[in-house]
Amino acid sequence: MKSRILSFILSLIAWLILTWSVDWQHLLIGLLASIFVSWAVGDLFTENPWKFKDPKRYLWAVYYIIILIWEMIKANLDVAYRVVHPGIPIKPGIVKVRTKLKSDAALTYLANSITLTPGTFTIDIDKENGFLYIHWINVVSEDIDKATEVIVQKFERILEKIFE
């Protein structure tokens with residue numbers, strides 16, 4: 001139940017920030033949307049909502065958003081450069097990477113962060129063994145440790161501080 005309440009509060013805050021309006025129509029729709037979100041996926045948000053009482057987690061979340069945006073910009077420029085200069089070789093493939101993250105929320109954020117950066121796409125998550133399978137537009141290394149370092153670690157260390 002606490003997870004659903006936290007999901008409702010965070011959804012409502014996100015709604016208010018995105019609409020930037022507190023008139024009764026926007027507020028009513030925001031309340032209804034937040035109730036629906038917390039009902040539909042509130043129990044998936046986190047297993048330990050009490051962890052979110054720690055304000056350091058929110059500072060890490062802001063830092064995470066900055067890093068995610070920066071990585072998305074870099075990846076977009078890289079993919080755009082490859083499109084404009086077709087002579088640059090690409091080596092697409094699927095690589096297996098390792099993760100230390102255990103919670104569903106952390107794994108979901110990690111997989112989505114990888115997918116949001118152009119050139120990589122999360123195909124599958126093996127939660128029991130701690131692996132993700134990633135389609136990579138230009139496979140730099142098929143070694144699990146090297147691929148993990150290049151693709152995963154920039155997000156994983158921050159998500160660990162937020163969710164674990």
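The values are calculated or read from the model by the stated rules, or taken from the named source; none is laboratory data. From a predicted model like this one, the values you see are computed outputs, not experimental measurements. Cβ: placed from backbone, ideal geometry, glycine included. Neighbour counts: every protein chain shown.
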What is the number of the single condition among (1) modelled with pLDDT under 85; (2) closer than 27 Å to Ser7 by Cβ that Ile65 does not meet? (1)
Using beta carbons and a limit of 6 Å, which pairs, at least six apart or on different chains, have the first residue in the stretch 8-23 and in the same structural domain as Ile35 (by TED's automatic domain parsing) and within 13 Å of Phe36 (Cβ to Cβ) and the second one surrounded by 13 or more Cβ atoms within 10 Å (Cβ to Cβ) and hydroxyl-bearing (Ser, Thr, Tyr)? Phe8/Ser34; Phe8/Ser38; Ser11/Ser34; Leu12/Ser34
Hey, among Thr115, Thr148, Thr108, Thr122, which residue is polar (S, T, N, Q) and assigned to a strand (DSSP E or B)? Thr122
Filtered residue count, the stretch 142-164, keeping only those that are free of Cβ contacts under 8 Å to residues at least 40 places away in the same chain and over 19 Å from the mean Cα position of the chain (by Cα): 2
Check off (1) modelled with pLDDT under 90; (2) in contact with a strand residue (DSSP E or B) (Cβ under 6 Å, 6 or more places away or on another chain); (3) of a type in the set (A, V, I, L, M, F, W, C) for Ala111 and give me the number that stays unchecked. (1)
In the set Ser103, Ser113, which member is in contact with a Phe, Trp or Tyr (Cβ under 6 Å, 6 or more places away or on another chain), touching a residue at least 60 places away in the same chain (Cβ under 8 Å) and hydroxyl-bearing (Ser, Thr, Tyr)? Ser103
Checked pairs for the stretch 72-94, first free of Cβ contacts under 8 Å to residues at least 40 places away in the same chain, second assigned to a helix (DSSP H, G or I) and surrounded by 11 or more Cβ atoms within 10 Å (Cβ to Cβ), C-beta under 7 Å and 6 or more apart or across chains, list as Ile88/Arg82
